[in-house]
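The structure under discussion appears below in the form of structure tokens.
The values are calculated or read from the model by the stated rules, or taken from the named source; none is laboratory data. Note that the structure is predicted; figures quoted are calculated from it, not measured. Every residue, glycine among them, receives a Cβ derived from its backbone with ideal geometry; neighbour counts consider all protein chains shown. When the accessible area is computed, the model is the full protein with side chains, heavy atoms only, and any ligands, DNA or RNA have been set aside. Shrake-Rupley method; radii C 1.70, N 1.55, O 1.52, S 1.80 Å.
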Amino acid sequence: AHLAALVLARGGSKGIPLKNIKLLAGVPLIGWVLRAASDAGVFHSIWVSTDHDEIEKVAKQFGAQVHRRSPEVSQDSSTSLEAIKEFLNHHHEVDIVGNIQATSPCLHPSDLIKVADLIQKEGFDSVFSVVRRHQFRWSEVKKGENKMTEPQNLNPAKRYRRQDWPGELYENGSFYFAKRHLIEKGYLQGGKMAYYEMRAEHSVDIDIDIDWPIAEQRVLSFGYFGKEPLKEVKLLVCSIDGCLTNGRIYVTEDQKEMVSYDYRDVVGINLLKKRGIQVRLISERDCSKTLSAMQLGCIAKVSATNKLQVLEDWQKDMGLSWKEVAYLGNEESDVECLKKAGMSGVPADACAVAQKAAGYICKSNGGCGAVREFAEHIFLLLEKVNSARKQ
């Protein structure tokens, strides 16, 4: 049976414009679930249903196919079921749809693998995600009604301690899997049904109960970052032009070159050094005089015609695995280095191919604090590494 992952990502949003591709911890929101779906290895195809060109572009960057939904199912009043039924009408090869919510960035491949087994091996017609909550419910009393509230799931005279109460299961909206025949009848949940209980720390829904800064902290703590475990970064290699500087060269009347840089980036480099992380710089042009004037105290390679070769030489000389190397670049010449490094980033104004290859896209432009921002991202991931070691 053809199992397709389907992420619904409409361009319109009443809250945050283009929320589905807004950067969350350096990755477009939709990218977190597409990465998890891809690495799960259980889907015959992975799709994004959208009506927006920019969302289509991001979806393809993460390897998904795109279904352009019609205006009829792209309205504020349109339901998920309507969009899924339209998708099935155009893709007759699909037997089972795994509808994954773009707003669930802490989804892990292991969850999707287990749900696929429930559908494909144990014969369930539909499976949906839930989370266990320990919350006491009371009846609502509307304004003007002369009524008393009543307990719904507790005895006030004998309140449970959390550890003595199993809690209750609530849908968390992370995903809904269903077979074609069920969807065509107008159901996402029906037939032989099963729920899949997700861990509470993985149950993050930006739509409902969490704001962006808090979500970023949750993702950094509990999100899925790839198949291989994170390692402590020991080397950051930074492209000079367009990352440390804004890429502009100013020429005086006496033909002297000048560049500008942001002092915040110098602070970021110094903070990395204090944490024991080496920082090395690289450039395709000869900017020795510029580096000398900046007095950064970093090993640098200028006039580098092959950046990847330089990076590989440094990695081998230091005896590091690629997971221990971070790279910040911004041009086509940086793409192979971005792909090799265990942690990769680009400034906000990096070229499109570099953005596609990077794992983190800074909010700051090159020469305007991008190095400092990427350093902060490295520190947050180091905390994640240290936390995993303690566990």
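Miscellaneous remarks
- Only one of Lys143, Lys179, Lys185 that is at pLDDT 85 or above, surrounded by 16 or more Cβ atoms within 10 Å (Cβ to Cβ) and not aliphatic (A, V, I, L, M): Lys179
- Among the residues of segment 93-121, just one is among the charged types (D, E, K, R), farther than 16 Å from Gly223 by Cα and surrounded by 16 or more Cβ atoms within 10 Å (Cβ to Cβ), namely Asp95.
- Within segment 239-268, considering residues that are among the β-branched types (Val, Ile, Thr) and in a helix (DSSP H, G or I), the one least open to solvent (accessible area, probe 1.4 Å): Ile240
- Selected residue (criterion: nearest to Leu118 (Cα to Cα)) from residues of segment 10-24 that are buried (at least 21 other Cβ atoms within 10 Å of the Cβ) and touching a Leu at 6+ places or on another chain (Cβ under 9 Å): Asn20
- Test: residue in segment 151-168 that is more than 25 Å from Met198 (Cα to Cα), assigned to a loop (DSSP other than H, G, I, E, B) and charged (D, E, K, R): yes
- Filter result for Val58 (closer than 21 Å to Lys339 by Cα and open to solvent by less than 10 Å² (accessible area, probe 1.4 Å)): no
- Test result for Gly173, among the small types (Gly, Ala, Ser), over 25 Å from Arg280 (Cβ atoms) and part of a strand (DSSP E or B): yes
- Qualifying positions in segment 184-205 - in a helix (DSSP H, G or I) and closer than 20 Å to Glu82 by Cβ: Glu184
- So Glu332, is it within 27 Å of Thr290 (Cα to Cα), in contact (Cβ under 8 Å) with a residue 12 or more places away in the chain and surrounded by fewer than 16 Cβ atoms within 10 Å (Cβ to Cβ): yes
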